[in-house]
């Protein structure tokens with residue numbers, strides 16, 4: 001069964017982007033440090049990355065992100081993850097230049113984004129990126145799992161992943177993989193009944 005999965009690398013003090021995060025400096029100062037565990041300098045998967053992650057990436061059928069995240073990286077030039085549809089949550093219409101990226105779709109709310117992404121994913125998982133999207137998905141009850149790659153570094157500032165939550169969220173541990181570069185934590189969100 002397909003799941004919606006937040007997939008983020010995070011510093012030990014809770015930051016997913018460093019200070020000075022802006023379109024000219026996507027991810028802020030030190031952002032690459034959060035992804036050293038995964039990528040080589042030429043953006044190839046680093047040898048030794050656990051096989052589970054490669055298999056999970058291959059099971060991704062759609063992606064959801066927030067507008068800020070997408071705009072800072074120019075919508076990944078229309079392809080973030082091997083040709084899967086990309087759904088951007090925003091109340092404002094996209095810049096006309098986004099029309100050159102046929103896989104990118106703007107959606108006004110997280111519930112609609114999840115419904116459309118799950119339909120487009122055809123039984124594969126839907127990956128989520130971004131703090132705002134994660135917080136809204138948790139609030140709406142449409143986030144199934146969290147995959148957090150906890151990197152042994154303290155940023156001391158930047159953009160926190162869970163800065164604003166409407167209420168406490170209970171999680172069940174699904175998996176923990178400890179490597180020298182990061183501790184990889186996977187949780188299932190307990191849905192309130």
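Exactly one residue out of 49, 5, 73 is touching a strand residue (DSSP E or B) at 6+ places or on another chain (Cβ under 7 Å), under 29 Å from residue 188 (Cβ atoms) and either surrounded by fewer than 18 Cβ atoms within 10 Å (Cβ to Cβ) or in contact (Cβ under 8 Å) with a residue 12 or more places away in the chain (or both), and it is 5.
Is it fair to say residue 143 is within 20 Å of residue 16 (Cα to Cα), in a loop (DSSP other than H, G, I, E, B) and modelled with pLDDT of 95 or more? In short, yes. Regarding segment 17-30, can at least one residue be identified that is at pLDDT 90 or above, assigned to a helix (DSSP H, G or I) and under 15 Å from residue 154 (Cα atoms)? No. Taking the numbered list (1) part of a helix (DSSP H, G or I); (2) under 23 Å from residue 26 (Cα atoms) in turn, residue 105 passes all entries but (1).
In the set (1) within 21 Å of residue 159 (Cβ to Cβ); (2) in a helix (DSSP H, G or I); (3) in contact with a strand residue (DSSP E or B) (Cβ under 8 Å, 6 or more places away or on another chain), residue 118 fails one condition alone, (1).
Residues that are modelled with pLDDT under 95, buried (at least 18 other Cβ atoms within 10 Å of the Cβ) and in a helix (DSSP H, G or I): does segment 78-94 have at least one? No, segment 78-94 has no match at all.
The values are calculated or read from the model by the stated rules, or taken from the named source; none is laboratory data. Just so you know, these numbers come straight off a predicted model, no measurement behind them. A quick note on method: Cβ atoms are made from the backbone with ideal geometry, for glycine too, and the neighbour counts reach across all protein chains shown.
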